[in-house]
1. If you take the beta carbon distance between Asn183 and Lys98 as r and set R0 to 35 Å, what does 1/(1 + (r/R0)^6) give as a FRET efficiency, to the nearest 0.05?
2. Specify the inter-centroid distance of the stretch 64-121 and the stretch 132-161, based on alpha-carbon positions, in whole Å.
3. Compute the FRET efficiency between Ser69 and Arg130 as 1/(1 + (r/R0)^6), taking r as their Cβ-Cβ distance and R0 = 25 Å, and round to the nearest 0.05.
4. Could you list which residues have their amide H under 5 Å from that of Val174, counting only those 5 or more apart in sequence or on another chain, with H placed in the peptide plane?
5. All other residues with a Cβ under 11 Å from the Cβ of Tyr155 taken together, and with Lys, Arg as +1 and Asp, Glu as -1, what is their net charge?
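Quick note: the coordinates plus some simple rules give every number you see, no bench work behind them. Bear in mind the structure is a predicted one, so any value in this text is a computation, not a measurement. For neighbour counting, all protein chains shown are included, and Cβ atoms are generated from backbone atoms with ideal geometry for every residue, glycine included.
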Amino acid sequence: MQNSIDRLQEENKNAQHLETPVTKPNRPLKSVFPGKYIQGEGLIAELPEIIKSFGNRGLILSSRTAKESILTKYAKQYAEDGIVLDEFKGECCEKELKRLYDIVISNKINVLVGVGGGKAIDAAKIVADRAGIPVIIVPTIASTDAPCSGCAVIYSDNGVFESVYYQKMNPEVVLADMNVIANAPARFLVAGFCAFNTQRVISTRRNSFFISRRKSCFWSFSRASSYGCFTFRNGNGLFFL
């Protein structure tokens with residue numbers, strides 16, 4: 001593990017000398033972050049209290065896997081707290097976005113939570129933005145850059161890319177439960193490493209971070225909000241990492 005970290009640090013040092021449109025912008029880079037980033041073990045149990053800090057009618061949109069393996073045991077508590085638990089249908093398309101938006105309106109939801117991978121998170125961000133309510137993001141895998149970003153991708157019903165949706169602001173809260181991340185399938189952690197390796201070459205060095213794994217995995221960030229998901233704006237356009 002130490003050899004891997006040493007190699008990453010050496011590559012990181014070499015990458016600082018690369019002159020690309022991102023590393024050498026015409027104007028200073030700007031980083032856009034979520035309102036609050038919370039990281040730790042067992043944080044999923046604190047979700048109801050976090051929801052209450054933003055509203056009294058919460059909707060948790062969860063992927064099927066996260067719902068069955070993580071959230072089911074909290075269902076009774078959610079019901080007592082007036083929190084609606086809904087399962088994401090698998091595709092961030094206009095049909096699903098409309099279904100979710102109708103749930104928000106009919107149930108007078110005033111805070112939305114997205115739990116799962118990239119598409120579930122993107123759907124939550126888009127619906128919350130359209131409804132004008134705060135969104136809380138709970139990523140369950142390391143291989144997605146959706147949690148902190150200010151944009152989301154809309155697909156067709158069949159999963160074909162259609163457009164990028166730009167939110168008015170980034171998520172209010174990103175809640176990263178390390179136990180949840182560690183218990184996800186190993187391939188998603190490996191994919192997170194690959195994404196991280198790519199981002200290191202084109203992102204600013206100060207915001208790079210290292211991931212290590214022991215009995216379970218944990219993330220050590222050079223900056224707490226550095227989930228690897230930034231929106232950089234410069235004279236050459238927008239770059240989503």
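1. Working: r = 33 Å, r/R0 = 0.94.
FRET efficiency, Asn183 to Lys98: 0.60.
2. 13
3. Numbers: r = 29 Å, r/R0 = 1.16.
In this case the efficiency is close to 0.30.
4. Lys36, Tyr37, Ile38, Ile137
5. Values: positive: Lys95, Lys119; negative: Glu91, Glu94, Glu96, Asp122, Asp157, Glu162.
Local charge sum for Tyr155: -4.
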